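Here the structure is laid out as structure tokens; the discussion comes afterwards.
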Amino acid sequence: MKISGTLPGSHPPTTAEKLQAAAVELEAAFLAEMLKSSGLGETHDSFGGGAGEEQFSSFLIQHQARTLAEAGGVGLSEILFQSMMEKTNADQY
């Protein structure tokens, strides 16, 4: 019995799909850092704060950044994807 990493009937991800996913991840990481720098997730006296809120605010920021990136973000992922595709195509020749 052969076990593969893909579901029956599905295809393994193409190079373009892998590069697109990597580009979105990079944009999400960039956006997360921008959101942190903007003060998003910082506790305020009026909301209650506490250690738990401080610890879990990073998860909220990461989720929001990923959601933004998957929805198109600021366009960084598309630029990164195009650049990686050009590099990949140039390496093939």
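The values are calculated or read from the model by the stated rules, or taken from the named source; none is laboratory data. Note that the structure is predicted; figures quoted are calculated from it, not measured. For neighbour counting, all protein chains shown are included, and Cβ atoms are generated from backbone atoms with ideal geometry for every residue, glycine included.
In the set (1) assigned to a loop (DSSP other than H, G, I, E, B); (2) surrounded by fewer than 17 Cβ atoms within 10 Å (Cβ to Cβ); (3) modelled with pLDDT of 90 or more, the condition left unmet by S46 is number (3).
Against the test of being surrounded by 16 or more Cβ atoms within 10 Å (Cβ to Cβ) and modelled with pLDDT under 95, the options L60, L35 yield a single qualifying residue, L35.
Among residues of the stretch 1-20 that are modelled with pLDDT under 85, those with a beta-carbon under 6 Å from a residue that is assigned to a loop (DSSP other than H, G, I, E, B) at least six positions away or on a different chain give the pairs T6/P12. Surrounded by 13 or more Cβ atoms within 10 Å (Cβ to Cβ), in a helix (DSSP H, G or I), at pLDDT 85 or above and of a type in the set (A, V, I, L, M): does that describe A65? It is true that A65 is surrounded by 13 or more Cβ atoms within 10 Å (Cβ to Cβ), in a helix (DSSP H, G or I), at pLDDT 85 or above and of a type in the set (A, V, I, L, M).
Assess whether E78 counts as being surrounded by 12 or more Cβ atoms within 10 Å (Cβ to Cβ) and of a type in the set (D, E). The answer is yes for E78.
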